[in-house]
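Undergrad: The structure that follows is given in the form of structure tokens.
The values are calculated or read from the model by the stated rules, or taken from the named source; none is laboratory data. From a predicted model like this one, the values you see are computed outputs, not experimental measurements. Counting neighbours? That spans all protein chains shown, and the Cβs are built from the backbone with ideal geometry, glycine included. Heads up: the accessible areas ignore ligands, DNA and RNA and are worked out on the full protein's heavy atoms, side chains in. Shrake-Rupley method; radii C 1.70, N 1.55, O 1.52, S 1.80 Å.
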Amino acid sequence: MASSAPAEILDIDGHEVRVSNPSKVVFPEPGLTKLDIVRYYLAVADGALRGAGGRPMVLKRFVKGIGAEAFFQKRVPENHPDFIDTATLRYASGTSAEEAVVRDAAGLAWIANLGCLDLNPHPVRAEDLEHPDELRIDLDPMPGVAWEQIVDVAMIAGEVLADHGLVGWPKTSGSRGLHILVRIEPRWTFRELRAAAEALAREVEARAPGLATARWWKEERGESVFVDFNQNAKDRTVASAYSIRPLPDARVSTPLGWDELRTRRPEEFTVATVVPRFRDIGDPHAGINDTAGSLDGLLALSESLGPAEKPPRAGDGSGRRVSTMPLIEVARTKTKPEALEALERWRAEHPAAAAALHPADELIDGMRGSSSLWYRVRVNLQHVPEEERPEQGPLLGDYDPWAGRAFPGR
């Protein structure tokens, strides 16, 4: 077996960073190597650090390339260099993790060498882990939703923010959706942050009925844009500005000006195009740190709206949620290609029901396991005549993400 290429040593502002196997191809379609990824982050370091610098982050490592599932590493490697800071996050579950904190371009290069394509920081600074300084709005379109509808919802979200004394900074998610980042003063708890985000989502839904939804349960959203408020929980992270996403074209989560939303498309922004854009126009989010605002307005809105409607629960004492939609589960799989294959098998077995489905009726959910994603496949039969709805059958894939794991107390 041929040995891997020798490591390349980079001197980055006086810090030595070792890039192992630099010629390894990470993105076959554009031919980007591991060293290309490192050099990309060095080229956009100012913008990437504005989004992720000084924050503890989860390391999402694609050590086997973009064709395989990433694994999530909360704990910083023990042999990290001295230019990588750390911060210990403690969660409600009682667990804790000493996570990496990147503060300079050398730090970006170091985590890129670990196989991290996108940057996944928490919405807190390392100096104050209990008081978030960023509210994150994730506009997540359901299947069948056009870009124009996503932009309409983003504009309404921007109006709601402005009406409550806050400034939103949009960026592409790097997939199909949009993120809006909002800097806030670090004076509120995560519980208050989430309450403010949920109030904003409900207000956007009220102003854009049919276009936007704040409904947490996927099968209830229809063909709308989900204003995902739950990304503001303490244990959640979002791919930050200038993150490379694991799509074949090496797409980038790219900051935009509000005036660009109508005329640009997510697929325009890749590693190949973002570097010259950054060089030519700089970072559209350059002023974000100067706009920290107050959550008081959104918290007052939350108080006036009252508690959100809760889903019904099973009557057997289990506390399980009962869906209001006619759902069947198709499969549980280890990978997304397996999930898509299971869905196609189900469609082939039930052609009449499949023909009646709308795009948003096919639900493939990435579920966070202990260190990686697994996938749940469901079908919402709401558009299938009741007498023609298939019964729940044996799962076409029954992957158990917890098999072989020992749990405390068991």
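Undergrad: At 1.4 Å probe size, what's the solvent-accessible area of residue 236? Round to the nearest 10 Å².
TA: Spelled out: residue 236, probe radius 1.4 Å, area about 80 Å².
Undergrad: What number comes out for accessible area per residue over segment 1-43 if the probe is 1.4 Å? Units Å², please.
TA: Details: 2620 Å² over 43 residues.
Ligands and nucleic acids excluded, the result is 61 Å² per residue.
Undergrad: With 24 Å as the limit, write out which pairs from 171/334; 34/234; 74/234 have Cα-Cα distances beyond it, or answer none.
TA: 171/334; 34/234
Undergrad: Sort the following peptides by mean Cβ neighbour count (other Cβ atoms within 10 Å, averaged over residues), highest first: 146-156, 384-394. All intermediate terms of the calculation are to be shown ahead of the outcome.
TA: On the way: 146-156: 18.4, 384-394: 10.8.
Put in order of decreasing packing, that is 146-156, 384-394.
Undergrad: Using Cα-Cα distances under 8 Å and only pairs 6 or more residues apart, what relative contact order does segment 140-210 have, in percent? Working shown, then result.
TA: Values: 49 pairs, mean separation 23.4, N = 71.
Rounded, it is 33 percent for segment 140-210.
Undergrad: With an 8 Å Cα cut-off and a minimum separation of 6 or more residues, compute the relative contact order for the chain in percent. Display every interim value, and only then the final one.
TA: Details: 798 pairs, mean separation 60.1, N = 410.
Result for the chain is 15 percent.
Undergrad: When only the heavy atoms of the protein chains count and the probe is 1.4 Å, how do 171, 24 rank by accessible area, highest first? Display every interim value, and only then the final one.
TA: Details: 171 0, 24 70 Å².
Largest to smallest exposure gives the sequence 24, 171.
Undergrad: In addition: Summing -39500 (n - 2.57) over the DSSP H runs of n ≥ 4 in the chain and dividing by its residue number, what mean residue ellipticity at 222 nm do you reach, to the nearest 500 deg cm²/dmol? Write down the numbers at each step before the final one.
TA: Values: 9 runs with 103 residues, N = 410.
Value at 222 nm, helices only, nearest 500: -7500 deg cm²/dmol.
Undergrad: If you don't mind, there's one more thing I want to ask. For the chain, modelled as a GNM with alpha-carbon contacts under 10 angstrom, which of 133, 365, 104 fluctuates the most?
TA: Top of the fluctuation ranking is 365.
Undergrad: Here is a follow-up. Taking Rh as the Kirkwood radius, which is the inverse of the mean 1/r over Cα pairs, what is the Rg/Rh value for segment 227-286? Mind showing how you got there, number by number?
TA: Details: Rg = 13.0 Å, Rh = 12.9 Å.
Checking Rg against Rh, the ratio lands at 1.00.
Undergrad: Within the chain, which whole H helices from DSSP have a Cα span along their axis of at least 18 Å and a mean Kyte-Doolittle hydropathy of -0.5 or more, if any?
TA: Details: long enough: 147-163 (24 Å, 0.82); 190-207 (26 Å, -0.37); 336-349 (20 Å, -1.17).
Correct list, ordered by number: 147-163, 190-207.
Undergrad: Residue-wise, which Karplus ³J(HN,Hα) couplings in Hz belong to segment 121-132, taking 6.51 cos²θ - 1.76 cosθ + 1.60, θ = phi - 60°, and x for glycine or proline?
TA: x, 7, x, 9, 8, 4, 7, 8, 7, 9, 10, x
Undergrad: Suppose we take every Cα in segment 154-254 and form the convex hull; what volume per residue is that in Å³? Before the final figure, lay out the partial values.
TA: Working: hull volume 11.9 nm³, N = 101.
Convex hull of Cα atoms, per residue: 118 Å³.
Undergrad: Per 10 Å bin from zero, what fraction in whole % of the C-alpha pairs of segment 75-212 is there, up to the bin with the longest pair?
TA: 10, 33, 31, 21, 5, 0
Undergrad: Now, a different point. Mind checking which of 59, 33, 81 is farthest towards the positive end of segment 29-90's charge dipole, using Cβ charges of +1 (Lys, Arg) and -1 (Asp, Glu) about the Cα centre?
TA: Farthest along the dipole direction, towards plus: 59.
Undergrad: Here is a further query. Please list, in order along segment 166-177, the HN-Hα scalar couplings obtained from phi with the Karplus expression 6.51 cos²θ - 1.76 cosθ + 1.60 (θ = phi - 60°), rounded to whole Hz, x for Gly and Pro.
TA: 10, 10, x, 10, x, 8, 5, 6, x, 10, 9, x
Undergrad: Connecting C-alpha atoms closer than 10 Å in a GNM of the chain, tell me which of 307, 123, 77 has the biggest fluctuation.
TA: Its mean-square fluctuation being the largest, the pick is 307.
Undergrad: While we're looking at this one, here's another question. What ranking of 358, 350 comes out by heavy-atom accessible area, probe 1.4 Å, highest first?
TA: Numbers: 358 80, 350 55 Å².
The ordering from most to least exposed comes out as 358, 350.
Undergrad: At q = 0.10, 0.12, 0.15, 0.19 Å⁻¹, what log₁₀ I(q)/I(0) does a Debye calculation on the Cα points of segment 1-94 give, no solvent, two decimals?
TA: -0.35, -0.50, -0.79, -1.25
Undergrad: How large, in percent, is the carbon and sulfur part of the accessible surface of segment 167-233 at a probe radius of 1.4 Å? Kindly include the intermediate steps, with their values, before the conclusion.
TA: Values: 1170 of 2300 Å².
Result for segment 167-233: 51 percent of the exposed heavy-atom area is carbon or sulfur.
Undergrad: Specify the inter-centroid distance of segment 53-67 and segment 200-272, based on alpha-carbon positions, in whole Å.
TA: Using only Cα atoms to place each centre, the spacing works out to 20 Å.
Undergrad: Of 305, 193, 161, which is the most mobile in a GNM of the chain whose springs link Cα atoms less than 10 angstrom apart?
TA: Sorting by GNM fluctuation, first place goes to 305.
Undergrad: Indicate the gyration tensor shape class of segment 136-175 (rounded, prolate or oblate), computed on the Cα atoms with a ≥ b ≥ c the square roots of the eigenvalues: a/c under 1.5 is rounded; otherwise a/b larger than b/c is prolate and the rest oblate.
TA: Working: a/c = 2.75, a/b = 1.82, b/c = 1.51.
The shape class here is prolate.
Undergrad: State, to one decimal in nm², a quarter of the convex hull surface area for the C-alpha atoms of the chain, i.e. the direction-averaged projected area. Could the numbers behind the result be given before it?
TA: Details: hull surface 91.5 nm².
For the chain, averaging the hull's shadow over all directions gives 22.9 nm².
Undergrad: Using +1 on the beta carbon of Lys and Arg, -1 on that of Asp and Glu, and nothing else charged, what's the dipole of segment 11-154 about the Cα centre, debye to 20?
TA: Details: 15 positive and 23 negative charges, 112 e Å.
Value, rounded to 20: 540 debye.
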